[in-house]
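The values are calculated or read from the model by the stated rules, or taken from the named source; none is laboratory data. In this text the structure is predicted, and so the values were computed from the model without any measurement. So basically every Cβ, Gly included, is an ideal-geometry build from the backbone, and we count neighbours across all protein chains shown. Surface areas here come from the heavy atoms of the whole protein model, side chains and all, with no ligands, DNA or RNA. Shrake-Rupley method; radii C 1.70, N 1.55, O 1.52, S 1.80 Å.
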There are 2 protein chains.
Amino acid sequence: MTDIAISRRLRATPYTARVEAAGVKAYTVYNHMLLPAHFGDVEAECAHLKEHVQVWDVSCERQVEVVGPDAARLVQMMTPRDLTKAKIDQCFYIPLVDETGGMLNDPVAIKLADDRFWISVADSDAILFAKGLALGLGADVQVFEPEVDILGVQGPKADDLMARVFGEEVRAIRFFRGARLSFEGRRMFVARSGYSKQGGFEIYLNDRASGEPLWDALFAAGEDLNVRAGCPNLIERIEGGLLSYGNDMTHENNPYECGLGKFCDEGAECIGSAALAQIAQDGPSRLIRGIRIGGGKVPPCREPWRLTTSDGQFAGKVTSAAFSPAFDTAIAIGMVERDWWEPGTELSVETPEGPRPATVTTLPFNA
Amino acid sequence: MTDIAISRRLRATPYTARVEAAGVKAYTVYNHMLLPAHFGDVEAECAHLKEHVQVWDVSCERQVEVVGPDAARLVQMMTPRDLTKAKIDQCFYIPLVDETGGMLNDPVAIKLADDRFWISVADSDAILFAKGLALGLGADVQVFEPEVDILGVQGPKADDLMARVFGEEVRAIRFFRGARLSFEGRRMFVARSGYSKQGGFEIYLNDRASGEPLWDALFAAGEDLNVRAGCPNLIERIEGGLLSYGNDMTHENNPYECGLGKFCDEGAECIGSAALAQIAQDGPSRLIRGIRIGGGKVPPCREPWRLTTSDGQFAGKVTSAAFSPAFDTAIAIGMVERDWWEPGTELSVETPEGPRPATVTTLPFNA
């Protein structure tokens, strides 16, 4: 175990003091910000998440605000997903790509007004891509990072907890839709979204000083719901097939390889459209897959683990792995080359602890 | 103390196994990569750095390669420093700014050829700014991250150690100049540069497989020089006034505030030129300064500490702090507002452990 060094550059959040009081045991860094990684027992936290409700400091999901007459055009240029029919307060998962079709980020975009978007980014400074593109084009927009610090409320009891704090109207919010709701008289955007498959909400806190009161209100209201501090859970997100930019895909990958072809719309006026049309025609060379790994527990996946065939050919690589108590096997996400991506294909994976049997499957595991 | 969570997203380097064998005790994350923060005793490591020689895994100083007919124009558009007279293999510290003059990064650029640059970036994805700008402009360049993993050799005995591994010609390399030298038959760029004031070199390793052999060769050759594994040292860099992007300055700051006005050349064709000319005319509102803090040791600076006057007015903020055994006082870097930036001004700083006396000074402390 190695400590994380404290500095301003790894930004603390409005909730950090509460997260630390709740006993966070490991951080990761995401968008230059602290993201709790676990509170001491990833398996127990996974089980709790599936049964109760957790409060997550996901402030690291930073927003890129794009506002101005050219805002819709600029956002559309960065993603192959057609946003022309987007409605106000609707959320869209949008791959961001460059001219090669290589992924730069996989954010959720929210259309706040016809000329105003938030892009809730994964771990890369997509704000710099938007800024550069806008400046190069001479687009009439402003691009900046607003003071928004998301608090996630995830798990099957999330509706009950949120209703107690924000009112019954939260129950009516549909998946990937949002509403402007009040907390202590302050309006903020609340969406039904989040980085788990257990359901829940994300609160787009727009006032740092309200962070601790909001955290405290959720815990005070949720005591009988067994509310706990949590965070994106490695096991649960692999089971659910939730991809992690920087782990499971990078700029080396295009959306088709990531199983995101459904978000590549013909006719979207995107920088990467021509390259993506060619990839669509040729078909991708590899595909994101689930992998079942035999032989029990696995260490953390720090560098991609090679997948090989029985005669030693390269067949792909595993990029995230964890032992799932629910499936009673180690499970993983990886990119599998075209010749071996068929579900059921038997391969071998080179873990730091030696080779282990691996079986290709579809994602999510919990389908 | 909180652990850092292991994942592929926090990239390991060609030297990580060696760094861990050498007993790294804390990491930070920089450009999505692991950067050692200390090996257990920052003060002892500071003293050793000033007397001997250290090998640093600074792979996190990622390169942005800009190559093509429009490369020089594109790089110039991002920085107010005039690069028209740059020579091949010369290094330039260049603030990168947007149209407001706000700093996006403070890299070192190397002109490798008339149409080819490496930009060795601080902790932000400047590659995305360059990509976006190039795409928006339709510039005839390629922008990508080459496979380069810098190993630093820092300290007064760096020349002796490097001469044993790369040959006597390293001694002739002038400050911020480089040469193409061989290690085991492989040519790589070696510059006299580095993030310390103790002198030394940075080896731009261009082959991951050569990373461990290079590390081992330096340690084998340097045993009698008391070579040790090290890393950028918080005490030494504050003493030396070396700024850290994300700590001491952010996008909120312009180069003049950061004491980098000397790199803002009139006539450079940069996106931020108009904004910077206005700032130059008005004069900056605040200035980076050294701060001596009374009362002994200080905790790490995780969020800016307010500087106040005796009657409670806001006078600036401290962003990096450490106790310096050499100066027998805590020292810090901070942004001080115009009315109080005169050296010798007495202020108070609000540390997490309570208020402490603070005295404004010039940087570096060791001048």
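Brief remarks on what is shown
- Straight-distance crosslink candidates among lysines, where the alpha carbon sits under 24 Å from A:Lys111 and sequence neighbours closer than 8 are dropped: A:Lys85, A:Lys87, A:Lys131, A:Lys197, A:Lys262
- Gyration tensor over alpha-carbon atoms, chain A, equivalent ellipsoid semi-axes in Å: 32, 28, 18
- Residues of region A:1-15 that lose at least 20 Å² of accessible area (1.4 Å probe, protein heavy atoms only) when the other protein chains are present, relative to their chain alone, are A:Met1, A:Thr2, A:Asp3, A:Ile4, A:Ala5, A:Ile6, A:Ser7, A:Arg8, A:Arg9, A:Leu10, A:Ala12.
- Candidates B:Glu337, B:Glu212, B:Glu223: whichever shows maximal mean-square fluctuation once chain B is modelled as a Gaussian network with Cα springs under 10 Å: B:Glu223
- Carbon and sulfur %, accessible surface of region B:1-50 computed with the full protein complex present, 1.4 Å: 55 percent
- Taking the DSSP beta bridges with both ends in the protein assembly as shown, the antiparallel portion is around 90 percent.
- Per-residue Karplus couplings for region B:16-28, computed as 6.51 cos²θ - 1.76 cosθ + 1.60 with θ equal to phi - 60°, are listed in order as 4, 4, 5, 4, 6, 5, 7, x, 3, 10, 8, 10, 10 Hz, Gly and Pro entered as x.
- Note that region B:53-58 has calculated 3J(HN,Hα) couplings of 8, 10, 10, 10, 7, 10 Hz, one per residue in order, obtained from phi through the Karplus relation 6.51 cos²θ - 1.76 cosθ + 1.60 (θ = phi - 60°); glycine and proline are x.
- Per residue, chain B exposes 38 Å² of solvent-accessible protein surface, assessed with a 1.4 angstrom probe and all protein chains in place.
- Ligands, DNA and RNA excluded, the heavy atoms of B:Glu252 present near 150 Å² of accessible surface to a 1.4 Å solvent probe.
- Amide H to amide H distances under 5 Å link A:Arg11 with A:Met33, A:Leu34, where only residues 5 or more positions off or on other chains count and H is placed in the peptide plane.
- Carbon and sulfur %, accessible surface of region B:158-312 computed with the full protein complex present, 1.4 Å: 46 percent
- Dipole of region B:285-367, positive end: most advanced residue of B:Ala326, B:Leu347, B:Leu307 [Cβ charges, Cα centre]: B:Ala326
- Fluctuation leader among B:Gln76, B:Gln63, B:Gln281 - chain B, Gaussian network, Cα springs under 10 angstrom: B:Gln281
- Of B:Pro357, B:Gln278, B:Leu234, farthest towards positive along the dipole that unit charges on Lys, Arg, Asp, Glu beta carbons give chain B: B:Leu234
- Pairs of Cα atoms nearer than 8 Å and 6+ residues apart set the relative contact order; for region A:63-144 it is 40 percent.
- Long-range HN-HN contacts of B:Thr351 with modeled amide H, under 5 Å: B:Arg356
- Across peptide A:300-308, the mean count of Cβ atoms from other chains lying within 10 Å of each residue's own Cβ comes to 3.
- Threshold 10 Å² - residues in region B:117-142 whose accessible area is reduced by that much or more when the chain is no longer isolated, probe 1.4 Å: B:Asp123, B:Ser124, B:Asp125, B:Leu128, B:Phe129, B:Lys131, B:Gly132, B:Leu133, B:Leu135, B:Gly136, B:Leu137
- Electrostatic dipole magnitude of chain B [Cβ: Lys, Arg +1; Asp, Glu -1; Cα centre; debye, to 20]: 320 debye
- Cross-link partners of A:Lys25 among lysines, defined as those whose alpha carbon lies under 19 angstrom from its own and excluding same-chain residues fewer than eight positions apart: B:Lys25.
- Number of partner chain Cβ atoms within 10 Å, mean per residue of B:29-42: 3
- Computed over chain A with a Gaussian network model linking Cα atoms closer than 10 Å, the most mobile of A:Leu243, A:Leu135, A:Leu276 is A:Leu135.
- Ranked from shortest, the separations from the 7 Å Cα-to-Cβ label point of B:Gly354 to its equivalents in the other copies are 5.8 nm.
- Net charge over other residues, Cβ less than 12 angstrom from the Cβ of B:Val67 (K, R count +1; D, E count -1): -3
- Exposed loop positions in chain A were taken to be trypsin sites (Lys or Arg not before Pro) whose DSSP state is not H, G, I, E or B and which have at most 12 other beta-carbon atoms within 10 angstrom. Between these positions, the longest stretch is A:175-296.
- Counting only Cβ charges, +1 for Lys and Arg and -1 for Asp and Glu, the dipole size of the protein assembly as shown around its Cα centre is about 120 debye.
- Counting only Cβ charges, +1 for Lys and Arg and -1 for Asp and Glu, the dipole size of region A:63-144 around its Cα centre is about 220 debye.
- 5 angstrom amide H check on B:Tyr245, placed H, neighbours 5+ away: B:Asp123
- Chains A and B together bury roughly 4800 Å² of accessible surface, counting both sides and using a 1.4 Å probe on protein heavy atoms.
- Three-way shape label, the protein assembly as shown, alpha-carbon gyration tensor, a/c 1.5: rounded
- When B:Glu43 is represented by a point 7 angstrom out along its Cα-to-C-beta vector, the spacings to that point in the other copies are 4.3 nm, nearest first.
- Whole-Hz Karplus values for region B:240-246 come out as x, x, 7, 7, 10, 5, x Hz, taken residue by residue from phi with 6.51 cos²θ - 1.76 cosθ + 1.60 and θ = phi - 60°; glycine and proline positions read x.
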